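The values are calculated or read from the model by the stated rules, or taken from the named source; none is laboratory data. Not measured: the values here are computed from a predicted model. A quick note on method: Cβ atoms are made from the backbone with ideal geometry, for glycine too, and the neighbour counts reach across all protein chains shown. These accessible areas exclude ligands, DNA and RNA; they are computed on the full protein's heavy atoms, side chains included. Shrake-Rupley method; radii C 1.70, N 1.55, O 1.52, S 1.80 Å.
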Amino acid sequence: MAFRLSLVSDSSIDVAMVLRDMTMPLPMRPDWGEDMQWAYPGMPGTVVGDFAGYEVAGLPFFAPETVTTDHGSVYRNHHLVEVQRVLGANIKPSRVLRPTDKKAVERAFGAIRSLLFALLLGYQGVDTADRGTDPEADACLTVAEMEHIIATWIVAIWQNRRFDSYSPSWDPGGDHSPNSLFAASMTQGGFALRIPSPELYYQLLPRHQVMIHGKRGVKIKNLWYDGEALDPYRGELSRRGGKHKNRYVIHRDPRDPCFVFFQDPLTHDWHTLRWVGLPEEGQFPAFSDARVRETMRELRKRGLAPKSDKELLPVLLEVVGGKIPVQQWPTQLTKKQRTEHAREVTQAAAAAADRPADATAAQSAPAEPAPAAAPAARTGSDDGKVIPLRWRERAQQGQNAVTNERRRRREAAVPERPTPPPEDLSERLRATSLLALPDDDFDDDTDEPGAAAAAAAGEEVSR
């Protein structure tokens with residue numbers, strides 16, 4: 001139904017976005033043909049495309065009623081409980097040492113491993129005996145390419161594979177696939193076309209109950225956020241009761257701390273609040289909560305106490321990528337540091353792809369077009385959810401942000417002074433030459449040859 005690729009490990013926000021993907025139709029990709037479009041009887045693809053706003057691929061989607069998970073920590077936290085309430089689904093943990101409780105997922109993983117991963121270069125296998133001599137040297141796929149391969153394999157092969165021993169009881173000898181059985185179920189019981197609105201993204205984000213400061217906005221995870229949407233509520237208490245009485249609810253995406261989202265209690269419209277330390281122009285490198293905590297430790301080590309987040313920005317940029325020269329990034333960074341930077345880039349790209357198209361477009365439009373490798377384009381996109389990491393571009397982006405911030409501070413500290421235009425070279429020579437004769441001593445209308453000769457001699461001497 002849906003899948004996500006994440007570096008190192010997944011988090012609760014990744015699980016929430018996977019559940020959201022289950023309820024939304026999968027968009028077509030540029031290299032997919034007509035055979036991979038939505039082709040279920042009883043529900044024309046044009047109708048689904050009109051509701052979704054794009055061409056839909058041949059992959060079922062519906063609102064889940066019960067979701068069975070294992071006992072990972074990402075499935076047992078307060079955030080997933082809130083996601084369960086928003087989606088109206090029941091999330092139940094499987095029994096210990098009972099893989100049959102989630103046999104559909106286990107079977108899908110086994111099929112992907114045997115039918116797809118085992119055929120790719122760099123496959124390590126489940127046992128060292130299955131590996132080649134140097135599988136890491138054979139790896140040639142980026143995370144974005146891997147995500148695209150899996151999506152293509154699911155839509156083109158997995159959903160159209162022929163069932164052998166798992167045919168339905170009402171037609172055991174027929175040729176059936178997951179797509180054909182889904183079409184048969186639509187014919188028997190109908191299909192409830194319920195495509196969630198883009199605002200579902202905000203509702204699935206973690207919630208923070210905070211007070212609105214009169215001048216600085218709201219503070220979440222050591223960072224201050226502000227926007228015009230907070231003006232009617234500055235210095236006022238919320239009308240909420242209960243455990244978080246008199247506090248306002250702010251939704252935040254942990255993958256991208258540059259923005260938070262606030263729903264107006266009266267109009268119920270969603271508004272984007274920017275981090276007050278975010279530069280107004282130019283590109284900004286991706287960072288995470290761990291990078292913010294590292295910045296706070298660096299500030300305490302230096303004995304600094306910034307009065308605003310704009311003073312925090314230079315230290316944060318240095319922590320992100322300004323300490324190590326560009327040429328030394330692949331060699332000086334440890335494997336753990338490279339993994340952290342790669343994770344930050346991919347998470348920021350995934351958050352930008354999940355956001356509605358108009359969520360931060362007006363908030364973060366860059367002054368000049370971003371390069372193809374820049375991962376900090378904070379606008380919605382229908383492209384892949386992750387991008388390959390390029391060390392040089394990432395380091396150069398951080399150093400450029402440091403340089404632009406220092407230039408902005410210098411321009412703000414020194415008032416602008418009009419610069420007079422440079423003087424003409426001939427005027428400067430005439431003003432400093434001792435042999436130049438004043439122009440008033442000559443009469444341009446005279447016809448005397450002596451006067452004309454004297455004027456010509458004066459010009460020649462001046463030259």
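Using a probe of 1.4 Å, the accessible surface attributed to S11 totals some 30 Å² when neighbouring protein chains are kept in position.
Of the solvent-accessible surface of the stretch 56-185, computed with a 1.4 Å probe over protein heavy atoms with every protein chain present, carbon and sulfur atoms account for 56 percent. Please name which of G45, V15, W32 has its Cα lying farthest along the dipole of the stretch 11-52 towards the positive end, using unit charges on Cβ (Lys, Arg +1; Asp, Glu -1) and the Cα centre as origin. Result: V15. Ordering H251, H71 by accessible surface, largest first, gives H71, H251; the 1.4 Å probe counts only protein heavy atoms, with every chain in place. Entry comment: accessible area of the stretch 1-133 is 61 Å² per residue, from protein heavy atoms only and a probe of 1.4 Å. Taking the accessible area of the stretch 190-239, probe 1.4 Å, and keeping the other protein chains in place, the carbon and sulfur fraction comes to 46%.
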